[in-house]
Amino acid sequence: MEKQLKVSAIKDGTVLDHIPSCQLFKVIDILGLNKSSNQITFGTNLDSKLLGKKGIIKISDKYFESDDINRIALIAPQAKINIIHDFEVVEKRVLTIPKTIRGIVKCMNPMCITNHQVVETLFTTIVESPDFKLLCHYCEKITDKENLKIISNNR
Amino acid sequence: MPKHLISIHDFSRDEILETLSLAREFEKNPRQPILSDKIVASIFFEPSTRTRLSFETAANRLGARVIGFSDIGNTSVTKGETLKDTIKMVSNYSDLIVIRHPLDGSARYASEISSVPVINAGDGANQHPTQTMLDLYSILKTQGKLENLKINMVGDLKYGRTVHSLLQAMSHFNPEFLFTSPDELKMPVEYKEYLTNLNIPFSETKNLSKGLDDSDIIYMTRVQRERFTDPIEYERVKNFYSLNLSMLSGCKPNMKILHPLPRVNEISQDVDASDHAYYFEQAENGVYTRMAIISKLLGK
């Protein structure tokens, strides 16, 4: 059978591969791609030896700062980031959870000020992946992997 | 940027010791009107007796004038004003803000909005650093030192913010802890991890009579009804511990009983006359330590 890319190649930009299919739309949300004017193609439920089913996102002419791209490490730690120039992979990046995380994670403490007034959340990573723990800057309580909720960018 | 006191971590070991020695000076001479040109705003979104009165006494003793409220019923909060807007306005009127608020993290948020120093007088179940400072002052005064003490914390170790802050503050001084609580109210894992990481020894028991004889400080706490969402759980644990005079016969002579007050049934009234009881003096110490904190944050 002829080998064929299910999601077409890009000339320049960033490819995010090995995203768990169930997290694909959250990754799009965290990176704010729904508001991007770049050309973006994505696929989901593609076959993957590593994950069973995976998602992939290709963004033309877009390169992320490490702090921005690392935010997806919370929900897709195994994702592979490939930087593309002229159809070639010129750099592979490994994700690490950023030391501070602003605005994308909801504090699990229902009495935290961030859950009652319009206050942007801010966490310090005190234990890194895989079983990460995030310390809330405001209420000083820990939000862990099991209780992670992502705040939507679509507000 | 103004210096605030929101969490006990905001003060280093040296700053804690400096504040305590300043408190000692104020205790020797409590009438020092060094802040007669200052206005202190005392804004209490939640009820309080000791904390509010001792802060206002401290500010008055320093010669400052006090504005504020102790009941949000008379304020624009009832009209839906956000904390941000209240703080913006109050920081324009005053030189320092003392805030108590029912939400965790509210004081940290207030400090980021305010243009003047903010002191946290209790943010929900999170921190109450001035209580910790007066607890440290009481320990220092009664033991003559802060180092190498055995501290037995009793009661509600899960929701009690004073025990959490005291544990963190004492970690500078090589303590040993015993945690006495029912299973439902055990010290949370994150604080035990914190101690483990610092190699500070601790043990846990359900039995109050077990840890009394070799403790230097017994820190009693009330089981706080307002922290429980389940009234049945509250009823089950509320009278779990009651310290009475007959239990203190084998205690070390230097041992003192502290309690952030108000107490309900956890310390029997027959303990009040004992040499070990220190909780009322402890409350008085709140005025001197708060004088020290206010004057330190206002750079006097």
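The values are calculated or read from the model by the stated rules, or taken from the named source; none is laboratory data. None of the values given here were measured: they were computed from a predicted structure. Here the Cβ positions follow ideal geometry from the backbone for every residue, glycine too, while neighbour counts run over all protein chains shown. Note: accessible area is taken over every heavy atom of the protein model, side chains too, but ligands, DNA and RNA are not part of it. Shrake-Rupley method; radii C 1.70, N 1.55, O 1.52, S 1.80 Å.
Under a Gaussian network description of chain B, with springs only between Cα atoms under 10 Å, the residue in B:Asp135, B:Asp216, B:Asp275 that fluctuates furthest is B:Asp275. The value of relative contact order for the stretch B:4-72, using C-alpha pairs under 8 Å at least six residues apart, is 34 percent.
To the nearest ten degrees, helix B:129-143 and the longest principal axis of the Cα atoms of chain B are 50 degrees apart. Per residue, the Cα convex hull of the stretch B:129-283 amounts to 104 Å³. For the stretch A:1-152, taking the reciprocal of the average inverse distance between every pair of different Cα atoms yields a Kirkwood hydrodynamic radius of 16.4 Å.
Expressed as a fraction of 2.2 N^0.38 Å, the value expected for a compact globular protein of N residues, the C-alpha radius of gyration of chain B is 0.99. Here the contact order of the stretch B:129-283, divided by its residue count and restricted to Cα pairs under 8 Å and six or more residues apart, works out to 24 percent. The 3J(HN,Hα) values that the Karplus relation (6.51, -1.76, 1.60; θ = phi - 60°) gives for the stretch B:99-110 are, in residue order, 10, 10, 8, x, 8, 5, x, 5, 5, 4, 4, 4 Hz. Gly and Pro appear as x. Relative to its Kirkwood radius, the Cα radius of gyration of the stretch A:31-82 gives an Rg/Rh of 0.96. Rolled with a 1.4 Å probe across the full set of protein chains, the surface gives B:Met153 an accessible area near 0 Å². Put a dot 7 Å past the Cα of B:Glu281, heading toward its Cβ, do the same for A:His116, and the two dots end up 3.7 nm apart. Calculated FRET efficiency, B:Ala273 to B:Lys206, Cβ-Cβ distance, R0 = 30 Å: about 0.60 to the nearest 0.05. A simple spin-label model places the labels of B:Tyr194 and B:Asp14 2.3 nm from each other, with each point 7 Å out along Cα-to-Cβ.
Ligands, DNA and RNA left out, the 1.4 Å accessible surface of the stretch B:129-283 is 48% carbon and sulfur atoms. Pairs of alpha carbons in the stretch B:120-173 separated by more than 17 Å make up 34% of all such pairs.
Among A:Glu88, A:Glu65, A:Glu128, the largest mean-square fluctuation in a Gaussian network model of chain A (Cα springs under 10 Å) belongs to A:Glu65.
Note that the stretch B:51-63 has calculated 3J(HN,Hα) couplings of 4, 5, 5, 6, 5, 5, 5, 4, 5, 5, 4, 7, x Hz, one per residue in order, obtained from phi through the Karplus relation 6.51 cos²θ - 1.76 cosθ + 1.60 (θ = phi - 60°); glycine and proline are x.
For B:Ala121, the residues 5 or more places off, or on other chains, whose built amide H falls under 5 Å of its own are B:Ile99, B:Arg100. Taking label points 7 Å from Cα along the Cα-to-Cβ direction, B:Ser76 and B:Val264 give a separation of 3.8 nm. Diffusion coefficient of the protein assembly as shown by Stokes-Einstein, Kirkwood radius over Cα pairs, 25 °C, 0.890 mPa s: 99 µm²/s. Within the stretch B:156-224, the proportion of Cα pairs with more than 15 Å between them is 50 percent.
Taking every DSSP bridge with both residues inside the protein assembly as shown, close to 50 percent are antiparallel. In order along the stretch A:118-133, the Karplus-derived 3J(HN,Hα) couplings, from 6.51 cos²θ - 1.76 cosθ + 1.60 at θ = phi - 60°, round to 7, 10, 5, 6, 8, 10, 10, 7, 9, 10, 7, 4, x, 9, 5, 9 Hz, and Gly and Pro are given as x.
Given the pairs B:Lys38/B:Lys88; A:Lys54/A:Lys92; B:Lys38/B:Lys79; B:Lys158/B:Lys210; A:Lys141/B:Lys206, which span a C-alpha to C-alpha distance of over 23 angstrom in this model? Correct reply: B:Lys38/B:Lys79; A:Lys141/B:Lys206. Summing both sides, the accessible surface hidden between B and A at a 1.4 Å probe radius is close to 1300 Å². Calculated from the alpha-carbon coordinates, the stretch B:108-150 shows an Rg and a Dmax of 14.3, 41 Å respectively. Seen from a random direction on average, the alpha-carbon convex hull of the stretch A:54-111 projects onto 5.3 square nanometres. With the cut-off at under 13 Å, measuring from each backbone N in the stretch A:105-144 to a point 7 Å along the Cα-to-Cβ line of A:Lys99 picks out A:124-126.
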